[in-house]
Every structure is written in C-alpha cells, then in structure tokens.
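For reference, the structure discussed in these notes is given below.
The values are calculated or read from the model by the stated rules, or taken from the named source; none is laboratory data. The model shown is predicted, which means the values in this text are computed figures rather than measured ones. Cβ sites come from the backbone with ideal geometry, for glycine too, and all protein chains shown count toward neighbours.
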Amino acid sequence: MTGQAIQRQGNSVILYDESIVSHIQPAMFGAEYWADARIVPGYSGGRGATLFVCYQGDDWVLKHYHRGGVVGKLLNDGFLYAGLKRSRSVTEWQVLRLAHAAGLPVPVPVAAHVNRRGLVYAADLITRRIPDVVPFSTRLHERAADPAVWRAVGRCVKRFHDAGFYHADLSTHNLQIDSDDRIWLLDWDRGRRMQPGSWQAANLERLRRSCRKIHAIDAAHYSDDTDWAALLAGYSGSP
C-alpha cells in the first residue's frame with residue numbers, strides 16, 4: 001500500500017492518503033467547514049449523524065465518533081487515549097486500507113483524525129462515498145429480495161471471512177446494496193483482521209439475528225428458511 005502520510009498540528013494528528021488529497025487540515029473534520037454538507041443519520045452505522053461532503057469534485061463521507069451507553073451520556077464523543085495506533089479512527093482507517101488493498105467491497109479511506117484533549121480524545125474518519133447504496137435493511141423493509149441477492153450477500157460475507165476480516169457489527173444495516181445489486185460492507189469501527197476460528201460462525205449468527213429483526217417488522221420480506229438458506233448457499237459457494 002502506498003500514499004499514507006501523517007500531519008500533526010497542535011493537538012491534532014491526521015493520517016491521510018496523499019494520492020487522494022494533497023492537503024488536509026483539522027478544520028476539515030468539523031461540520032462548520034462544510035456549508036453545503038448533507039446530514040445523513042446512520043449512513044455508515046454507528047451513533048450520531050454522518051455528513052456527505054464534496055471536496056474538489058470528490059464525494060466523501062465524514063463520520064464523527066460518539067460513545068454509547070451510560071458512559072456516552074457523560075463523555076459523548078470522548079475516548080480514553082491509549083496511543084494513536086489504538087484510537088478508533090486510526091484502527092478503522094488501517095482496517096479499511098487493508099481490506100481495500102485486498103480488493104474487498106469497502107469504502108476507500110481518505111483520512112483519519114485524532115484530537116487529543118488531555119486523557120481523552122475525539123475522532124473522525126473520512127471515506128469516499130459509495131454511489132447509490134442503501135442499507136440492505138432499508139431495501140428489505142421496502143420489498144423482499146430474490147434468492148440471487150441473498151446468495152450475493154453470502155458470497156460477500158465469505159470473502160471477508162476468508163481474508164480474515166472480522167466485522168464487529170455484521171448486520172443488515174452495515175451490509176449495503178447499490179443500484180446494481182452489488183453488496184458492500186460499511187462501518188468498520190472496532191473491526192480487525194484475525195486468524196480463522198469460531199468467530200466466523202458467531203459473526204454469521206449475529207447477521208442472522210439482524211435478519212430476524214426484519215422478519216419481526218416485515219414478515220413477508222424475510223424467511224428464515226428460504227432466504228437464510230440462500231445466504232448460506234452463497235457463503236458455501238453452492239450455485
């Protein structure tokens with residue numbers, strides 16, 4: 001992989017791909033910098049809103065990391081600092097770079113930002129926007145998917161598993177589908193690369209639970225017998 005550069009300015013550290021952007025500054029990770037930004041709740045998973053922005057003709061997604069649970073009510077977007085390499089945005093940036101270099105369907109990482117504030121830090125990530133994608137869950141709420149699409153989902157997940165990529169929230173929301181029915185996997189926060197093991201089966205079961213939530217809302221749009229079977233057929237390589 002080439003193109004990785006680092007910039008330090010005050011309390012901010014930015015990792016960026018200089019083959020995509022030649023100059024970047026901390027202000028570019030703030031919503032106020034993008035007067036014409038489109039706010040999109042949940043585009044790439046996680047908490048809070050993301051922004052669709054355009055920089056020199058390149059469409060980007062800007063995500064600011066938020067905490068959840070009880071701690072999130074106190075700190076909101078503050079995380080305990082344990083080194084740059086362990087920060088949320090940098091670890092997601094690195095996983096995306098590895099997955100993209102492996103030819104897997106993920107967003108192209110543009111830049112990761114860490115702003116340290118004493119013992120805590122705030123984090124942001126910029127990726128290239130994938131055109132015309134919607135969460136697979138959104139598609140399923142609108143209409144049922146045919147078996148070919150379910151098999152495509154299974155094949156997509158299998159590619160990541162075979163390459164050792166663990167997604168921390170494998171769900172019908174983070175699996176996204178474009179207008180040509182190609183499947184993408186977004187929101188790699190807390191994702192990592194691992195050796196093969198029991199995590200792959202557990203990851204699939206997490207996805208199954210997500211599919212069953214679709215059934216609970218739109219029973220006609222998901223079948224745990226036929227649709228899940230088609231997904232598993234794609235995962236196993238069956239026609």
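This table checks each residue for (1) outside any helix (DSSP H, G or I); (2) modelled with pLDDT under 95; (3) in contact with a Ser or Thr (Cβ under 7 Å, 6 or more places away or on another chain).
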{"position": "Val90", "(1), (2), (3)": "no, no, no"}
{"position": "Leu104", "(1), (2), (3)": "yes, no, no"}
{"position": "Ala112", "(1), (2), (3)": "yes, no, yes"}
{"position": "Asn115", "(1), (2), (3)": "yes, no, yes"}
{"position": "Ala123", "(1), (2), (3)": "yes, no, yes"}
{"position": "Thr127", "(1), (2), (3)": "yes, no, no"}
{"position": "Val149", "(1), (2), (3)": "no, no, no"}
{"position": "Lys158", "(1), (2), (3)": "no, no, no"}
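Conditions tested, residue by residue: (1) over 30 Å from Gly10 (Cβ atoms); (2) aromatic (Phe, Trp, Tyr); (3) touching a residue at least 12 places away in the same chain (Cβ under 8 Å).
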position	(1), (2), (3)
Glu92	no, no, yes
Ala102	yes, no, yes
Val114	no, no, yes
Leu119	no, no, yes
Ala123	no, no, yes
Asp146	yes, no, no
Completion exercise
Scanning segment 162-189 for residues that are more than 30 Å from Ala122 (Cβ to Cβ) and either buried (at least 22 other Cβ atoms within 10 Å of the Cβ) or in contact with a Leu (Cβ under 8 Å, 6 or more places away or on another chain) (or both) gives Ala163, Ile177, Ile183
Exercise for the section: Tally the residues that are under 13 Å from Phe136 (Cβ atoms) and not aliphatic (A, V, I, L, M), restricting the search to segment 205-217. Expected result: 3
Fill in the blank from the handout: Quick count over segment 117-142, residues being among the acidic types (Asp, Glu) and either surrounded by fewer than 21 Cβ atoms within 10 Å (Cβ to Cβ) or outside the structural domain of Asp77 (by TED's automatic domain parsing) (or both), is 2
Practice task
State all residues of segment 121-154 that are charged (D, E, K, R) and under 18 Å from the mean Cα position of the chain (by Cα); if no residue qualifies, say none.
Solution key: Asp124, Arg128, Arg129, Asp132, Arg139
Handout entry: Tyr235 buried (at least 18 other Cβ atoms within 10 Å of the Cβ), under 25 Å from His100 (Cα atoms) and either hydroxyl-bearing (Ser, Thr, Tyr) or modelled with pLDDT under 95 (or both)
Key = yes
Problem - Number of the condition not met by Ala145 [criteria: (1) surrounded by fewer than 17 Cβ atoms within 10 Å (Cβ to Cβ); (2) in the same structural domain as Asn203 (by TED's automatic domain parsing); (3) assigned to a loop (DSSP other than H, G, I, E, B)] - result: (1)
Exercise for the section: Tell me, please, whether a residue that is aromatic (Phe, Trp, Tyr), surrounded by fewer than 19 Cβ atoms within 10 Å (Cβ to Cβ) and either more than 21 Å from the chain's Cα centre (by Cα) or in a helix (DSSP H, G or I) (or both) can be found in segment 198-220. Expected result: yes
